[in-house]
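Before any comments, here is the structure.
What follows is calculated from the coordinates using simple rules that are stated; it is not laboratory data. Everything numeric here is computed off the predicted structure, so don't read it as measured data. Here Cβ is always computed from backbone atoms with ideal geometry, including for glycine, and neighbour counts include all displayed protein chains.
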Amino acid sequence: MKLAVINGSPRGRDSNSSRIAGWITSSLEGSVEVCHAYVFNIARYDELMAKIGGCDYYLFIFPLYTDSMPGLSKAFMEKMEEHKPLFSGKNIAFIIHSGFPESSQSLTVERYTRYFASLLGMNCTGTIKMGGSEIIRSAPDSFFKDKVAAFQKIAKNIERSEPFDAKALEIIGSRKRHGAFFNFIFKHIDIGGIYWNRILRKNKAYKSRFDRPYLND
Ligand SMILES: Cc1cc2nc3c(=O)[nH]c(=O)nc-3n(C[C@H](O)[C@H](O)[C@H](O)COP(=O)(O)O)c2cc1C
């Protein structure tokens, strides 16, 4: 089987989506040939359609951006729609992951993934939702032992083109409960703010963080 893994993150290879993809692809049998596609380079979409068009199964992984998918993920989906005959009748699965801990935030865009699959005449084998993903890039796999094991089960399900293991979905989608110490820290220190402001500064975007370029005067 040829499996296309579509990474829907604008961060590309250095993304949490990549780490999640790795948890799955590293557990696949040798009989599965993996073909990677990244959405960050819009100029290469036509080339990528030719590259993934011959695959049998599609795994689309994207982060939640403002309660939906990143614009680049949507642009890639629209390019797939343009090339519908390449994809009709084939299997597709999605992984939506988000920064906030509750996977339920992704319920709306999950509905869209099913609609997208039907629009292309594809068979949606499942949409996996996971919260709390922003920390993945900064921590070792051992920090997410249960989730990594659950994704390894999902890899087996993909290999056999079977429905996803219900217990694995529960583990992946469950919210990590912090103990009293972490709750105290989160309550009194704006860890999220400190982290994201650091990224804004790194990208020289801190000063313009409240800009509203589309608002008319
Ligand atoms: C522009 C932007 C918007 C985001 N919007 C949300 C959101 O609405 N809900 C949420 O839980 N996380 C949100 N996040 C957090 C991402 O989903 C999270 O950081 C994810 O792990 C990024 O994955 P990636 O490294 O694969 O791109 C947002 C991140 C960015 C950069």
Seminar exercise, completed: With a Förster distance of 45 angstrom and the Cβ-Cβ distance between Gln152 and Lys202, calculated FRET efficiency to the nearest 0.05 equals 0.85
For this session: With a point put 7 Å past each Cα toward its Cβ, work out how far Ala43 is from Ile171 in nm, to one decimal.
Result: 4.3 nm
Seminar exercise, completed: 1/(1 + (r/R0)^6) with r = Cβ-Cβ of Leu86 and Ser142, R0 = 41 Å, i.e. FRET efficiency to nearest 0.05, evaluates to 0.55
Exercise. Among the listed pairs Lys90/Lys145; Lys74/Lys147; Lys90/Lys129; Lys147/Lys187; Lys167/Lys187; Lys51/Lys90, which are separated by more than 24 Å between their Cα atoms?
Worked result: Lys90/Lys145; Lys74/Lys147; Lys147/Lys187; Lys167/Lys187
Exercise. By how many nm would the segment from Val32 to Phe186 lengthen if fully extended, with 0.36 nm per residue of separation less the alpha-carbon distance?
Worked result: 51.2 nm
Problem set entry | Charge dipole (debye, nearest 20) of the stretch 101-144; +1 at Cβ of Lys and Arg, -1 at Cβ of Asp and Glu | 180 debye
Exercise. About the Cα centre of the chain, what is the dipole size in debye to 20, counting +1 per Lys and Arg Cβ and -1 per Asp and Glu Cβ, all else neutral?
Worked result: 700 debye
For this session: Quick one: grab the alpha carbon gyration tensor of the chain, order the square roots of its eigenvalues as a ≥ b ≥ c, and give me rounded if a/c is under 1.5, else prolate or oblate depending on whether a/b is larger than b/c.
Result: oblate
